[in-house]
1. Tell me which lysines have Cα within less than 17 Å of residue A:97's Cα, excluding those fewer than 8 residues away on the same chain?
2. Determine the relative contact order of region B:150-244: mean sequence separation of Cα pairs under 8 Å and six or more apart, normalised by residue count, in whole percent.
3. With contacts defined as alpha carbon pairs under 8 Å and 6 or more residues apart, what's the relative contact order of chain A in percent?
4. Please report, in debye to the nearest 20, how large the charge dipole of region B:195-271 is about its Cα centre when each Lys and Arg carries +1 at its beta carbon and each Asp and Glu carries -1 there.
5. Is there a simple number for the mean count of other chain Cβ atoms within 10 Å of the Cβ of residues in B:91-101, and what is it?
6. Mind checking the dipole of the protein assembly as shown: about its Cα centre, +1 per Lys or Arg Cβ, -1 per Asp or Glu Cβ, Debye to the nearest 20?
7. Could the peptides B:85-92, A:100-107, A:195-202 be put in order, highest first, of the mean number of other beta-carbon atoms found within 10 Å of their residues?
8. Looking at region A:215-259, which chymotrypsin sites (Phe, Trp or Tyr not before Pro) are in a loop (DSSP not H, G, I, E or B) and have at most 15 other Cβ atoms within 10 Å?
Amino acid sequence: MLSASVKNKVTIYSWRILITTVLLSIWELGVRYKAFDAFYISQPSEIFNDLITLFATGEVFPHIAITMEEALLGLVIGTIAGVTVGFVLGKFEPVAKVLDPIIMALYGIPKLTLGPLFILWFGMGIKSKVFIALISVFFLTFFSAYSGFKNVSPNLINTVKLMGATQGQILRKIIIPSCVPWLLNGLRTSLGAALLGAIVGEYIAANSGLGWMVSNASGMYNTTRVLSTIVILSALMAILNYCVTLLDNRLLKWRVSTE
Amino acid sequence: MSNILMLKPLANLVEKDSKLWVRDLNQVFTATNGKTTAAIKNVNLQIADQEFVAIVGPSGCGKSTLLNILAGLIKPSKGEVLLDGITINGISSRIGYMSQADSLLPWRTVLDNVAIGLEIKGVPKAERNSVARELIARTGLKGFEDSYPSELSGGMRKRVAIIRILALDPEILFMDEPFGALDVLTKEMLQDDILKLWQETKKTIVFVTHDLTEAITLADRVVLMTSRPSTIKSEYNIPLERPRSALETRFDPQFVELQKLIWNDLRTEVIMAKGGE
């Protein structure tokens with residue numbers, strides 16, 4: 001006997017598979033019977049074959065590696081910088097007040113438009129892409145860390161203070177754990193921003209990476225390659241998101257009640 | 001009745017006897033617009049070693065402010081607090097403080113919550129965990145070591161908060177309306193815990209509450225405070241026999257009489273506090 005919730009899940013998954021299959025079939029058959037032009041939209045079977053080739057020859061791996069390196073470096077450095085500045089401004093309210101309009105003005109800049117400038121400053125290599133990724137991540141993390149810091153319960157701080165905790169202990173035992181839910185939220189959005197930053201940087205100027213693959217293929221009118229690269233990017237994003245979910249489940253275990 | 005009622009027992013205490021000596025305490029708060037409010041005015045209080053004192057007063061009368069000063073969290077505007085004859089200057093590890101709010105760390109298990117004080121002191125993990133485990137077992141929380149506070153009932157959370165303080169073995173305990181938001185039965189259970197705790201450890205306890213019944217049930221002496229600016233209105237000795245039980249003590253004829261007496265005194269303050277709002 002299947003329980004109601006399992007049955008429900010099976011129904012949902014069946015519908016999802018059905019809808020995807022129908023859409024892909026329309027695409028595939030539409031191109032095959034010349035209803036759409038393969039030049040513009042390629043076709044699922046071609047994309048699938050291209051993916052097989054890319055992975056079988058192994059030529060895609062260096063590109064994945066370089067894009068991931070840019071995105072993850074940007075993510076790590078941007079997160080550390082954002083958390084640090086967020087906590088410092090949270091701690092020193094007057095400084096935060098002075099800097100508030102400046103930060104808001106900087107935040108208002110569409111960060112990706114800075115891409116060409118970073119390329120000019122840091123060259124065509126990995127450094128410029130890391131910076132583009134980092135700057136988006138920085139602001140997202142900064143706001144999470146700042147809000148998290150402001151929402152730390154003064155009652156919890158008092159509790160450990162009364163036990164003789166030092167400033168460092170208060171930071172490690174109360175402030176950082178209190179901010180974890182905020183930081184994980186920031187991390188989830190930062191992930192997308194970091195990957196996007198790296199790809200856009202590669203669009204502007206690069207000679208490798210998944211973003212470069214997209215722009216290069218599109219310059220040669222190779223729609224199939226463009227779309228297969230996009231499939232790879234989506235898969236990477238899904239994997240990274242899943243990692244954050246795992247982290248969530250581990251770090252926020254205490255939020256789950258047994259009931 | 002005069003034999004059970006002894007106002008101003010200060011005369012019984014010589015300076016060297018008092019564990020805690022509050023001398024001419026005043027606290028003024030200044031708002032951002034420069035307006036000042038007197039929260040506490042001329043409070044004098046002497047508490048003997050092993051004494052259990054309850055401080056009762058209308059809501060918002062500055063009881064918590066007083067306790068915060070005693071614990072060294074706030075510096076008084078005027079006056080001083082002496083612990084064993086030495087002025088309290090900031091936080092001391094000889095003092096245990098239990099606040100009104102639920103102050104368990106939600107991301108820590110029961111065991112890690114109980115051990116946190118020792119962790120801050122730098123006690124090695126094995127040692128602090130064994131102290132914590134023993135306290136947990138003695139409080140009837142065995143089996144919940146690895147539970148998170150969100151998985152416990154309100155009463156269990158309070159028990160964890162109490163043993164978290166006991167893990168540090170303070171000489172004196174300050175409790176700020178610890179059982180305020182609990183249902184009657186849970187409250188009674190925890191009051192019995194506190195009675196037992198005092199019976200076993202004879203720690204000096206200062207217990208702030210707005211619940212007169214609770215104060216009489218637990219304390220050796222009940223101190224009544226006035227509404228703002230808060231000062232001590234009167235003091236009553238509670239000569240009920242120990243060991244007490246939270247439930248049975250309440251039906252003691254002496255208890256009923258004391259309650260009537262103190263309640264009449266307290267009522268005028270409550271009415272004044274309401275009128276002042």
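Rule-based calculations on the coordinates, nothing more; no lab input. Treat the numbers as computed from the prediction; the structure is a model and nothing was measured. Neighbour counts run over all protein chains shown; Cβ positions are idealised from the backbone, glycine included.
1. Cross-link targets: A:150.
2. Working: 80 pairs, mean separation 23.1, N = 95.
Averaging sequence separation for qualifying contacts and normalising by length gives 24 percent for region B:150-244.
3. Working: 264 pairs, mean separation 62.5, N = 259.
So the answer I get is 24 percent.
4. On the way: 11 positive and 11 negative charges, 40 e Å.
The calculation lands at about 200 debye.
5. Numbers: counts 6, 2, 3, 0, 1, 2, 5, 2, 5, 1, 6.
Across the residues of B:91-101, the mean count of other-chain Cβ atoms within 10 Å is 3.
6. Numbers: 53 positive and 47 negative charges, 108 e Å.
In total the dipole reaches around 520 debye.
7. Numbers: B:85-92: 13.2, A:100-107: 11.1, A:195-202: 26.5.
Order by mean packing, descending: A:195-202, B:85-92, A:100-107.
8. On the way: sites: A:221, A:242, A:254; in loops: A:221.
The qualifying sites are A:221.
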